[in-house]
Amino acid sequence: MSKASETILAVERVRKRFGGILAVFDVSFELKAGEFLGIIGPNGSGKTTLVNLITGFVKPDGGRVFFKGRDITSFMPYRIADMGIARTFQMVRLFYNLPAYKNIIIPLCSSRVRRLGAGRYGEKDDMAVDLLDDMGFERDSYVPYKTAGSLPHGYLKRLDLARAMALRPEVLILDELFSGMSLSEVASTLPLIEKFHEEGLSIIMIEHRLKELFRVVDRVLVLNFGRKIADGSPQEVMENEEVRKAYLGIEVEIL
Amino acid sequence: MPDRKGIYRKKRLDRGIKARADTIYLIASWREIFYLLLPRAFPVGFLLILPAVLHGYWQKVLVFACVYGLLALSWDLLASCGLFSLGQALFFGAGAYLAGGLNYYLHLPPLVTVPAATVGGGLLCAGLLAPVIRLRGVYFAMVTLMFPLLLMRGIETTGVLGGTHGLSALSPFPGETLTAYLAVLAFLACLFLFRRLINSDYGLVLMAIRDDDRAVMSGGINIYWRKTQALFLAGSVGAFAGALMTHHFQFLGMSAFALDYSILPVAAVALGGQGSFAGAALGSMILVPLSESLRALGGLRIALYCIILMVSIVALPEGLFHYLERKYHQFETRAEVE
């Protein structure tokens, strides 16, 4: 079996109930190493809960999650991050009173980064600024040194992405990275993510901007009311009758 | 046009220099050097002279102030990583009983018992509180408040470690002045080290845990392990204070777990200001001598003490230290209104 087709992340029949609402019900899928998977679905269809279930922020009521064949279902979020699954947050979670680059220092202090032979004493500041430079925070401008709270929303989203990338992950999960970004910000961020994909990173991307999503992903998974209703190539998914019904014709515009 | 001559307004100017830009020290002139050095050197020098000039009663007050100062610093460290403790008495008592027990039963000299109690007390406190480290805010505070009470009543009813009578005739430190110097030096060292610590990347992670623990977790950092480390550090400092007091008094009793040791450090931080350690230090250096000098008033002492504390908290919620720091960096001049 070639490395490209190896399963890196497997989700098996996970379910989660919040009170009377089935947020996620019996969702299973596999992510191959180096694959770019998109997850779409109407609001409240359980996309973010699915991310929380994979990254350990929410414990599933049933089902299992495997990372490289290892059962990570009951692991704490920091352990899952430590193994190499990094995520961004839909509502960015940053330290607003710190300079932007200091936000990147925190994952650089993790044992994962130390294990990978980086982030030694005295290099973390430079590494953080380097990483932000790649994300479009020009090192010679004032932007990386301003407090995060004073930056515009698009920068915060990219800062959150940089924070996830600082972990040097093997799987990157993007939870609505583009929400609230302007078109030009999306246009400048999308090539970054495509570059990560080309470098071999496995990516799961949750997105409402279907046009951009369908352009870059290998495969799309569709959720509705917590259930998986479609899984296939962007073309197959767009032609799926159930998906069209769930989206009430939004796909027609894309086609 | 009305005559507006002689009307003045207050003009405020913040000093433009960024004294310390992470790694670059801007030293332009002697004036700048003194400007930076004076607020640091003056309190340190003052504290170092005090044990030599004070005698008897006021020397004891100084030791007390340093001990409460250490407890306040330890409280501030825990608060920096989001753990609000109401149980500094646990740290204090653990150190006191470890040092006292080692000295009384095994006849070890203070040179051994104090370091042993410092490390052992830190381990004990971290061990006791590690299981509840997932609790946040008031829930963690409640548990820390209960621990000293539990141990106090445990010692009272079972009679272990001297029970209600306590352990007496413990080895003293050689000389009162030496004790005072030990207290002052430990206090200054702790202040310096904690301030360095919180400005390092390690401290950055601790403060980030306070601000948003989930974001820190998603950065692959084991927040519970970090919090346990902070508990060990804070516990060690508190335990050192306890061990020091035990040998200073040459007596050890259940009062080592008294509520005073939990509440007064919090009051000191409330007065001085949280988050910079200097505030905690300043607060305890004011509160303890103040409470001693009010002793002549008898029963009214506590009432007056409470009023002073309340007024300071209402009038200066940011804390005295942060207020002074801000004012130090501002020029205030009177400019004529044109």
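The values are calculated or read from the model by the stated rules, or taken from the named source; none is laboratory data. These numbers were taken from a predicted model, which means no experiment stands behind them. Note: ideal-geometry Cβ built from the backbone for every residue, glycine included; neighbour counts use all protein chains shown. Surface accessibility is based on the protein's heavy atoms, side chains included, excluding ligands, DNA and RNA. Shrake-Rupley method; radii C 1.70, N 1.55, O 1.52, S 1.80 Å.
Condition check: without any contact (Cβ under 8 Å) to a residue 60 or more places away in the chain, in a loop (DSSP other than H, G, I, E, B) and at the interface with another protein chain (Cβ under 8 Å from one of its Cβ atoms). Does A:PHE95 satisfy that? I'd like the intermediate steps shown before the answer.
Values: without any contact (Cβ under 8 Å) to a residue 60 or more places away in the chain: yes; in a loop (DSSP other than H, G, I, E, B): yes; at the interface with another protein chain (Cβ under 8 Å from one of its Cβ atoms): yes.
Yes, satisfied.
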Residue pairs meeting the criteria (Cβ under 8 Å; at least 6 apart or on separate chains; first more than 14 Å from every other protein chain (Cβ to nearest Cβ) and charged (D, E, K, R), in the stretch B:180-205; second open to solvent by less than 70 Å² (accessible area, probe 1.4 Å) and part of a helix (DSSP H, G or I))
B:ARG195/B:ALA278
Which of the residues belonging to the stretch A:30-60 are open to solvent by less than 10 Å² (accessible area, probe 1.4 Å) and closer than 14 Å to A:LEU9 by Cβ?
A:LEU31, A:PHE36, A:LEU37, A:ILE39, A:LEU50, A:VAL51, A:LEU53, A:ILE54, A:THR55, A:GLY56
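Could you count how many residues in the stretch B:117-142 are assigned to a helix (DSSP H, G or I), open to solvent by 40 Å² or more (accessible area, probe 1.4 Å) and either closer than 18 Å to B:GLY235 by Cα or in contact with a Pro (Cβ under 8 Å, 6 or more places away or on another chain) (or both)?
We begin by selecting, within the stretch B:117-142, every residue assigned to a helix (DSSP H, G or I); these are B:117-132, B:137-142.
Now narrow it down to the ones that are open to solvent by 40 Å² or more (accessible area, probe 1.4 Å): B:119, B:123-124, B:127-128, B:131, B:138-139, B:142.
Filter once more, keeping what is either closer than 18 Å to B:GLY235 by Cα or in contact with a Pro (Cβ under 8 Å, 6 or more places away or on another chain) (or both): B:119, B:123-124, B:127-128, B:131, B:142.
Of the residues in that region, 7 qualify.
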Output the qualifying pairs, or none if there are none: Cβ atoms under 9 angstrom, residues six or more apart or on different chains, first residue in the stretch A:123-142 and within 13 Å of chain B (Cβ to nearest Cβ), second residue open to solvent by 60 Å² or more (accessible area, probe 1.4 Å).
A:ASP125/B:ASP22; A:ASP125/B:THR23; A:VAL129/A:ARG139; A:VAL129/A:TYR145
Considering residues that are within 8 Å of another protein chain (Cβ to nearest Cβ), over 19 Å from the mean Cα position of the chain (by Cα) and in a helix (DSSP H, G or I), the number found within the stretch A:98-112 is 3
Return yes when A:GLY119 is within 14 Å of chain B (Cβ to nearest Cβ), modelled with pLDDT under 90 and touching a helix residue (DSSP H, G or I) at 6+ places or on another chain (Cβ under 7 Å) and no when it is not.
yes
Tell me, which helices (runs of 4 or more DSSP H) wholly within the stretch B:261-338 include 1 or more residues that are among the small types (Gly, Ala, Ser)?
B:278-293, B:300-315
Looking at (1) open to solvent by less than 40 Å² (accessible area, probe 1.4 Å); (2) closer than 20 Å to A:MET181 by Cβ; (3) more than 14 Å from chain B (Cβ to nearest Cβ), can you tell me which one A:ALA86 breaks?
(3)
Within the stretch B:259-270, does at least one residue satisfy the condition of being touching a Ser or Thr at 6+ places or on another chain (Cβ under 7 Å) and more than 11 Å from B:ASP76 (Cα to Cα)?
no
Consider B:ALA234 carefully, then state whether it is surrounded by 24 or more Cβ atoms within 10 Å (Cβ to Cβ), under 19 Å from the mean Cα position of the chain (by Cα), of a type in the set (Gly, Ala, Ser) and away from chain A (no Cβ under 14 Å).
yes
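Which residues, taken from the stretch B:210-225, are in a helix (DSSP H, G or I), touching a Cys at 6+ places or on another chain (Cβ under 9 Å) and at the interface with chain A (Cβ under 9 Å from one of its Cβ atoms)? Steps first, answer last, please.
Just the residues of the stretch B:210-225 that are in a helix (DSSP H, G or I), to begin with: B:210-211, B:213-218, B:223-225.
Among the residues that remain, those that are also touching a Cys at 6+ places or on another chain (Cβ under 9 Å) are: B:210, B:223.
Of everything in the stretch B:210-225, just one residue is in a helix (DSSP H, G or I), touching a Cys at 6+ places or on another chain (Cβ under 9 Å) and at the interface with chain A (Cβ under 9 Å from one of its Cβ atoms), namely B:ILE223.
So which residues in the stretch A:124-145 are part of a loop (DSSP other than H, G, I, E, B), farther than 22 Å from A:PHE178 by Cα and of a type in the set (D, E, K, R), if there are any at all? Please lay out each step first, then the result.
Pass one, the stretch A:124-145, residues part of a loop (DSSP other than H, G, I, E, B): A:135-142.
Narrowing further to those that are farther than 22 Å from A:PHE178 by Cα: A:139-142.
Residues satisfying the conditions are A:ARG139, A:ASP140.
Would you check which residues across the stretch A:73-82 are more than 20 Å from A:MET205 (Cβ to Cβ) and either modelled with pLDDT of 95 or more or at the interface with another protein chain (Cβ under 9 Å from one of its Cβ atoms) (or both) and list them? So that I can check it myself, show each step before the final result.
Filtering the stretch A:73-82 for residues more than 20 Å from A:MET205 (Cβ to Cβ) gives A:73-76, A:78-79, A:82.
A:MET76, A:TYR78, A:ARG79, A:ASP82 - these are the residues of the stretch A:73-82 that are more than 20 Å from A:MET205 (Cβ to Cβ) and either modelled with pLDDT of 95 or more or at the interface with another protein chain (Cβ under 9 Å from one of its Cβ atoms) (or both).
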